[in-house]
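The values are calculated or read from the model by the stated rules, or taken from the named source; none is laboratory data. Keep in mind that this is a model prediction, so the values were computed, not measured. A quick note on method: Cβ atoms are made from the backbone with ideal geometry, for glycine too, and the neighbour counts reach across all protein chains shown. The area values use the complete protein model at the heavy-atom level, side chains included, leaving out ligands, DNA and RNA. Shrake-Rupley method; radii C 1.70, N 1.55, O 1.52, S 1.80 Å.
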Amino acid sequence: MPSKKALVRRPAPCLAEGLVTHVEREEVDVDLAVRQWEAYTEALRAHGWETVEVAPADDCPDSVFVEDTVVMFRNVALIARSGAESRRAETLGVEEGVASLGCSVNWVWEPGTLDGGDVLKTGDTVYVGRGGRTNAAGVQQVRAAFEPLGARVVAVPVAKVLHLKSAVTALPDGTVVGHIPHMDAPSLFPRFLPVPEPSGAHVVCLGGDKLLMAASAPKTAELFADLGYEPVPVDIGEFEKLEGCVTCLSVRLRDLYA
């Protein structure tokens, strides 16, 4: 049976100091962000996911965006090495977390850089965004780690947004969804569905036809519902101010060995 565990990390008290690159800085209400994070994790649990809280990183403002610290393929964890040097300390507690779950742990090494938010998996295809946080050497190290396991790694240029998954994610049937103004190379995805809102490009497949998505994308939720999916909206507005989305607040581990 597929596993349904999700690594999460509580927001740091200094969350409001998080990095922004493609948006104007806005004031972040940290108390509200904590409540939104708690509602997000509760939504995961309500749909059958076991949340595994990794050690907090209170000195790292962006540490709540735990997806950036590690990439999973089957039972193998590749610990990331962010292109933003200030974020590299975030991986420590995550290494312990994935090791405790029985994962085989590997690392991205200098000169490679990689953020987990630049990696989108659909079946055995692994799309890796090459942009501000992930370099060519990082893409090569993803290939070296995962291709021997049967992955097909496809590099995708990313210039208009922070991460590849800031622009695209995928539905349960493998169809990639994205907001075209934020995409650099839509033609790289053989099955693609455009969505009308930037935050509509971000979904987490909860199981079956259920899609966790931001409450800020009601038109996209209507589109998905019309296609037979069940949107599960959550308000993550404080994290959206920091270029966060529903994918980067957790690491879903679907293929752990029993």
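Couple of notes before you dig in:
- Scanning region 181-207 for residues that are part of a loop (DSSP other than H, G, I, E, B), out of contact with any strand residue (DSSP E or B) (no Cβ under 6 Å at 6 or more places or on another chain) and touching a residue at least 12 places away in the same chain (Cβ under 8 Å) yields M183, R191, P196, E197.
- Output for region 230-255, where each listed residue is open to solvent by 20 Å² or more (accessible area, probe 1.4 Å) and part of a loop (DSSP other than H, G, I, E, B): D235, K241, E243, R254, D255
Condition check ((1) surrounded by fewer than 16 Cβ atoms within 10 Å (Cβ to Cβ); (2) more than 19 Å from T247 (Cα to Cα); (3) of a type in the set (A, V, I, L, M); (4) in contact with a Ser or Thr (Cβ under 6 Å, 6 or more places away or on another chain)) across all residues:
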{"position": "A6", "(1), (2), (3), (4)": "no, no, yes, yes"}
{"position": "R10", "(1), (2), (3), (4)": "no, no, no, no"}
{"position": "A16", "(1), (2), (3), (4)": "no, yes, yes, no"}
{"position": "V28", "(1), (2), (3), (4)": "no, yes, yes, no"}
{"position": "T41", "(1), (2), (3), (4)": "no, no, no, yes"}
{"position": "A46", "(1), (2), (3), (4)": "yes, no, yes, no"}
{"position": "D58", "(1), (2), (3), (4)": "yes, yes, no, no"}
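- Hits in region 198-229 (condition: surrounded by fewer than 17 Cβ atoms within 10 Å (Cβ to Cβ) and of a type outside the set (A, V, I, L, M)): G207, G208, D209, P218, K219, E222, D226, G228
Okay, residues lined up against (1) β-branched (V, I, T); (2) closer than 19 Å to S82 by Cβ:
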{"residue": "W109", "(1), (2)": "no, yes"}
{"residue": "D115", "(1), (2)": "no, yes"}
{"residue": "G131", "(1), (2)": "no, yes"}
{"residue": "V168", "(1), (2)": "yes, no"}
{"residue": "M183", "(1), (2)": "no, no"}
{"residue": "L188", "(1), (2)": "no, no"}
{"residue": "A201", "(1), (2)": "no, no"}
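- Residues that are in a loop (DSSP other than H, G, I, E, B) and under 13 Å from Y127 (Cβ atoms), drawn from region 137-163: A151, V158, H163
A quick yes/no check of all residues on (1) farther than 24 Å from G123 by Cβ; (2) touching a His at 6+ places or on another chain (Cβ under 9 Å):
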| site | (1), (2) |
| --- | --- |
| D173 | no, no |
| F189 | no, no |
| S199 | yes, yes |
| L211 | no, no |
| A215 | yes, no |
| G237 | yes, no |
| K241 | yes, no |
| L249 | no, no |
| D255 | no, no |
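- Meets criteria (touching a Gly at 6+ places or on another chain (Cβ under 9 Å), of a type in the set (A, V, I, L, M, F, W, C) and open to solvent by less than 20 Å² (accessible area, probe 1.4 Å)) for V94: no
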